[in-house]
1. How large is the dipole of the range B:261-333 about the Cα centre if only Lys and Arg carry +1 and Asp and Glu carry -1, each at its Cβ, rounded to the nearest 20 debye?
2. Taking a Cβ-Cβ separation under 4.7 Å as the criterion for a possible partner, which cysteines of the protein assembly as shown have none?
3. Could you give the length gained on full extension between A:Lys130 and A:Phe285, defined as 0.36 nm per residue of separation minus the Cα-Cα distance, in nm?
4. With n ≥ 4 as the cut-off for DSSP H runs, can you work out [θ] at 222 nm for chain A, using -39500 (n - 2.57) per run divided by the number of residues, rounded to the nearest 500?
5. Rounded to the nearest 5, what is the percent of antiparallel bridges among the DSSP beta bridges in the protein assembly as shown?
6. Looking at chain A, what % of its DSSP beta bridges pair antiparallel, to the nearest 5?
7. For chain A, return all DSSP H helices satisfying: extent of Cα atoms along own axis at least 18 Å; mean Kyte-Doolittle hydropathy at least 0.0.
8. Once R0 is set to 56 Å, what does the formula 1/(1 + (r/R0)^6) return for the Cβ-Cβ distance between B:Lys330 and A:Leu112, expressed as a FRET efficiency to the nearest 0.05?
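Each reported figure results from applying straightforward, stated rules to the coordinates on display, with no laboratory input. The structure presented is a predicted model; accordingly, all values stated were derived computationally and were not measured. Here the Cβ is made from the backbone with ideal geometry for all residues, glycine too, and neighbour counts use every protein chain on show.
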Number of protein chains: 2
Amino acid sequence: MPELRKDPLIDRWVIISTERSKRGSDWEEKVVHLPSRGFCPFCEGNESRTPPEITAIREPGTSPDQPGWRIRVVPNKFPALKAEGDLQIHQQGIYEIMDGIGTHEVVIETPLHNTQLNELPVAHLVDLIKIFRERIQILQKDPRFRYILIFKNSGYAAGASIEHSHSQIIATPIIPNQVLQEINGFKKYYIKGKQCVLCEIIQQELAEKKRIICWEKEYIAFAPFASRFPFEAWILPRKHQAYFEDIADNSIVELAQILKNVLSLLSGKLNQPPYNLILYNLPRFEKKKYIYHWRIEIIPKLTKVAGFEWGSGFYINPISPEQATEILRKNPD
Amino acid sequence: MPELRKDPLIDRWVIISTERSKRGSDWEEKVVHLPSRGFCPFCEGNESRTPPEITAIREPGTSPDQPGWRIRVVPNKFPALKAEGDLQIHQQGIYEIMDGIGTHEVVIETPLHNTQLNELPVAHLVDLIKIFRERIQILQKDPRFRYILIFKNSGYAAGASIEHSHSQIIATPIIPNQVLQEINGFKKYYIKGKQCVLCEIIQQELAEKKRIICWEKEYIAFAPFASRFPFEAWILPRKHQAYFEDIADNSIVELAQILKNVLSLLSGKLNQPPYNLILYNLPRFEKKKYIYHWRIEIIPKLTKVAGFEWGSGFYINPISPEQATEILRKNPD
């Protein structure tokens, strides 16, 4: 029997329809390799083929845009948004238009072409998280930027155009509507429930146990009750924290560990699936930090978004989060 | 210079970033064929392999679930929603859940396996549109169904699990949030602009001309100003009409013609791209018919939805609607 489940953060319904997983071609694997361009601009030694680096974690004594780095942040060569232009909204008849002001940075996560994020040592992931924290702290000082989004596209089906492991940072001049909706959802819940909705969800997940993928002392990873996608996973601090960039140094090791664990489980059980990783964070100028709770969402791309999802905003998920958790937590035979 | 454009129907911003189209793998074509299962349940002669037909357009003298049909409507064998269950919302701690009540029908558009929708004669498309109209009229009488969505997934990348040309009808027990948002957007605009927002858009498009793909006396097809996807196309009646199912018999021929024209242009210029087609319609119980204007959206799936889109609800489109229109309207050499 299909079930409708509502996401408690925003008014989004999801259809959990396990029957759909019996369809013929749903689970046929299609690994589509990127065309070999015989050259990777993100590999060590090819530093001159990206725009000059913004920052990097390097061996002592090495120079910018030279080999010797472990993580490198560069401007996107084909940016979705640019630093120039004005912030005015212009009217063209009924339409509104503005210059595409913002930044678009690429974080090259490793100098090695064939190493996936989950294969990097925890200490390396610690450095990566510190880079994310630093870039948010710096970019949020620019008053033109209203929102800073950190995300990762891994694999062709997840929209990566380059295979080499990397994430991206985009700063936008407008708070995206979807982010506003979520913040409003948190506010609405706070008024009703007198606490942060994600704090309450964590309590229920710890009590029910059936959707918890793994945990550390300070972090928890679970499959959300209203998962839109098979094997969707959320990682979040167990204690309330609104701003990701407030994360303490000694807490980053645990976050790196749980991130590695979740990605390794997905990779091991689902044969390195394409996925998107997204950081949901409260913009700094939004001061109501008691209402919001940051999180990392990981969404493997095993199903396609089709006409029904586009037309309704409902998602059809053929694998329940309880099933997904069971599969991820099962010990290998 | 990238541009931010706002959709006038809902508060959705789109980034038109033509620079992004220069990226290496963006335009690499990947045609992934469905696995040949050696058998198609939608082909003529295989009627027994679908659930019993709901309705069909048949040659006189032929029987249900036998050959002799041109269009056939059957229940989806793997439905996302089902007719049984109750309409109560149940609380599970913080979460809300309800039975997945609804219907899920498949409209098999032709008995021929390798014929695409745009290749069917206009008279055949007329019959198809009449079937859509009839199914909406019948399903909307069921008080359990709050919204009826008609859509089509064509091609693997668009989420089709079966290659044989078909569309789908899903009735849901809740008005999807996205539909509500759009209706509210229409209402908001009506209060401000004293007319239907799409009526005003049509006037501006007819004046500017640069996004009009083609037209008939009663219908217009254009690339929307804030297109989320390359070659996105909207088809709508030039005269205000809220409910698709109110379309008159003598008007259906023109709608069939413009639908065929738009799909043929996309197929010809973009080599039969995967696409989703979605009908946006006002639910019947919503009586404010002066505010809403039905439309058909066609979205070719040439780009991938990636982390940025998931995290922000912003869409990055590497082809402007003006460029797309120019390409579609250009005469073949």
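1. 380 debye
2. Taking the Cβ cut-off of 4.7 Å, the unpaired cysteines of the protein assembly as shown are A:Cys214, B:Cys214.
3. 53.7 nm
4. Computed mean residue ellipticity for chain A: -8000 deg cm²/dmol.
5. If I count the DSSP bridges inside the protein assembly as shown, around 95 percent turn out antiparallel.
6. Roughly 90 percent of the DSSP beta bridges within chain A come out antiparallel.
7. Helices meeting the span and hydropathy rule in chain A are A:122-139, A:249-270.
8. 0.80
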